[in-house]
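Colleague: What follows is a structure written as structure tokens; I'll ask about it next.
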Amino acid sequence: MSAQPALKTLAGLPSASEAAPDVVEIATSLAPSLAGRSAEIDQNDRFVAENYALLKEAGLVEAGVPAELGGGGAEVPELAEMLRILGRACGSTALAFSMHTHQVAIPAWRWRHQKVAAAEPLLKRIAAERIILLSSGGSDWIGGSGKAEKVEGGYRVTARKVFTSGAEAGNVLMTGAIHEAEDGTRSVIHFGAPMKAPEVRIEDTWRTMGMRGTASNDVVIENLLVPDAGVAFSRKAGEWHPVFQIIATIAFPLIYAVYLGVAESARDIAIDIAKRKPQPDLSLAGRMDTELRAAQIAHRWMLEAVARNAPSADTVNEVMIGRTLVARHAIAAVELAMELAGGASFYRANGLERRFRDIQGARFHPLQAGPQAVYAGATALGLSTATVF
């Protein structure tokens, strides 16, 4: 199958392949191996452990750590291109790895652009030890989840964190919990939970329609002591915080690069099948490519917001508009790929039905369609978005 070329970058953004050829070349070299076992992993609800081992061995775990701290020095556009290529080969590997990747990219951005010295030890550890960071995703969104009880010297935390992609491969879960003060005010403390702690366990809950190989199981935390020194920051529960503006601006262009890659691979499969038909439907092929191009353009828009290097309520709005558009058009492109391929798309062996299932995950990351529309509307009308999530 021929590779669908990436669009030329917009507004002067550097081409990812030009800016960091090592990261892109590594991902490209690994893609055939990842793709070769993706169907079997999906069929058997297995975690992509072998693929993670390849990513670690190839140096992609530390790709986003600044070079000065021992890492690969790749920035968000290059990391997005890496994930797009991985997504074309195996959606589950790419999506799970995007959660680690964005958890590295965020402190790296803060170290580079805000001179946050506190980020340095973690980044150096990632580079030196190749540890895997986990994200508990939507369960740790603006509202927060779990309970943090104040005790002498720290907090006792009890929580259940759902959608923890790649949990079994992770070393540290970057998470949070809600502390309710005596006066009723609620704050969220943020910290890293060591996955090997006896108070932390994984529950095997991941039986899903798509992205089966991510093994995004529940992580249960029971009475874990988080010392005061282990709290990275705290914020008011249920309201946007400047750190979360950074998180949203940087994380979602990386996560949605994966879905873009899934849609591109579906397109290539459908074109390959259609070329073997005596009379392929030219209109379907054209509509499919039009939807895919819209997803690609929307993703470049997300990267432009990152390139401002000034995360804010406004960049969150632009990224989340892009997130909705990438999801909408990527899903539509895969649906049209199914139609273009016809009955052949119904066979697992052709790989389209897996892409169709995997692409549905694009619907469920925050901000989902309803809250995103409210956020965009409030922004357009000059109203507060502080509690819109």
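The values are calculated or read from the model by the stated rules, or taken from the named source; none is laboratory data. Since the structure is predicted, the reported quantities are computational estimates derived from the model, not experimental observations. So basically every Cβ, Gly included, is an ideal-geometry build from the backbone, and we count neighbours across all protein chains shown. Side chains included, ligands, DNA and RNA excluded: accessible areas come from the protein's heavy atoms. Shrake-Rupley method; radii C 1.70, N 1.55, O 1.52, S 1.80 Å.
Colleague: Bin width 10 Å, origin at 0, all Cα-Cα pairs of the chain: what percent of pairs per bin?
Modeller: Result, from short to long distances: 5, 24, 34, 25, 10, 2, 0, 0 percent.
Colleague: Radius of gyration and Dmax for the stretch 244-285's Cα atoms, expressed in Å?
Modeller: Values for the stretch 244-285 (Cα only, Rg and Dmax): 16.5, 53 Å.
Colleague: Pick out, in residue order, every one of the trypsin sites (Lys or Arg not before Pro) in the stretch 207-310 that is DSSP loop and has at most 16 other C-beta atoms within 10 Å; say none if there are none.
Modeller: Numbers: sites: R207, R212, R235, K236, R267, K275, R276, R287, R293, R300, R308; in loops: R207, K275, R276, R308.
Passing sites in the stretch 207-310 are R207, K275, R276, R308.
Colleague: Could you tell me the largest-minus-smallest coordinate of the C-alpha atoms of the stretch 290-346 on each of the three principal axes, in descending order and whole angstroms?
Modeller: Taking the Cα atoms of the stretch 290-346, the three principal extents are 48, 14, 14 Å.
Colleague: Using Cα centres only, tell me the gap between the stretch 144-162 and the stretch 179-213 in whole Å.
Modeller: 9 Å
Colleague: Now for a different question. Give me the orientation-averaged projected area of the Cα convex hull of the stretch 84-138, in nm², one decimal. Show your work: numbers first, answer last.
Modeller: Numbers: hull surface 18.6 nm².
Average of the hull's projected areas for the stretch 84-138 equals 4.7 nm².
Colleague: Dipole of the stretch 331-389, Cα-centred, from +1 at each Lys and Arg C-beta and -1 at each Asp and Glu C-beta, to the nearest 20 debye? Don't skip to the end; give the middle numbers.
Modeller: Working: 5 positive and 4 negative charges, 32 e Å.
Using Cβ point charges on Lys, Arg, Asp and Glu, the stretch 331-389 gives about 160 debye.
Colleague: Hey, another quick one. Between the stretch 318-347 and the stretch 223-260, how far is it from one alpha carbon centroid to the other, in angstrom?
Modeller: Centre-to-centre distance over Cα atoms comes out at 29 Å.
Colleague: In addition: What translational D, rounded to a whole number of µm²/s, comes out for the stretch 332-389 from Stokes-Einstein when the hydrodynamic radius is the Kirkwood one over Cα pairs, at 10 °C and 1.306 mPa s? Walk me through the numbers on the way to the answer.
Modeller: Numbers: Rh = 13.7 Å.
In µm²/s, the coefficient is 116.
Colleague: Rank-order 83-94, 27-38, 175-186 by packing density, defined as the average count of other C-beta atoms within 10 Å over each peptide's residues, highest first. Walk me through the intermediate numbers first.
Modeller: Details: 83-94: 29.2, 27-38: 17.8, 175-186: 15.5.
So the order, starting with the most tightly packed, is 83-94, 27-38, 175-186.
Colleague: A further question on this structure: Taking 1 over the mean of 1/r across every pair of different Cα atoms in the stretch 176-294, what Kirkwood radius in Å do you get?
Modeller: Values: mean 1/r = 0.0523 Å⁻¹.
Every distinct Cα pair counted, the radius reaches 19.1 Å.
Colleague: Further, regarding this structure: For the chain, what is the charge dipole size about the Cα centre, in debye to the nearest 20, if Lys and Arg each add +1 at the Cβ and Asp and Glu each add -1 at the Cβ?
Modeller: Values: 39 positive and 42 negative charges, 103 e Å.
Roughly 500 debye for the chain.
Colleague: Further question: In the chain, if the dipole is taken from +1 on Lys/Arg beta carbons and -1 on Asp/Glu beta carbons about the Cα centre, which of A349, L173, P278 is farthest to the positive end?
Modeller: Of the listed residues, the answer is P278.
Colleague: Expressed as a fraction of 2.2 N^0.38 Å, the rule-of-thumb size for a compact globular protein of N residues, what is the C-alpha radius of gyration of the stretch 212-280?
Modeller: Working: Rg = 21.6 Å, N = 69, 2.2 N^0.38 = 11.0 Å.
Compared with the compact-globule rule of thumb, the stretch 212-280 sits at 1.97.
Colleague: One-quarter of the Cα convex hull surface for the stretch 58-98, in nm²?
Modeller: Average of the hull's projected areas for the stretch 58-98 equals 2.7 nm².
Colleague: Taking Cα atoms, how many degrees apart are the long axis of helix 76-89 and the longest axis of the chain, rounded to 10 and kept between 0 and 90?
Modeller: Long axis of 76-89 versus the principal axis of the chain: about 50 degrees.
Colleague: Hey, another quick one. For the stretch 166-279, with every protein chain kept in place, what is the accessible area per residue (1.4 Å probe, Å²)?
Modeller: Details: 4690 Å² over 114 residues.
That works out to 41 Å² per residue.
Colleague: So what is Rg over Rh here for the stretch 270-389, counting just Cα atoms and using Kirkwood for Rh? Let's see the in-between values first.
Modeller: Working: Rg = 17.5 Å, Rh = 15.9 Å.
That ratio equals 1.10.
Colleague: Hey, what's the per residue convex hull volume over the C-alpha atoms of the stretch 31-179, in cubic angstrom? The partial results should precede the final answer.
Modeller: On the way: hull volume 18.8 nm³, N = 149.
Convex hull volume per residue, Cα atoms: 126 Å³.
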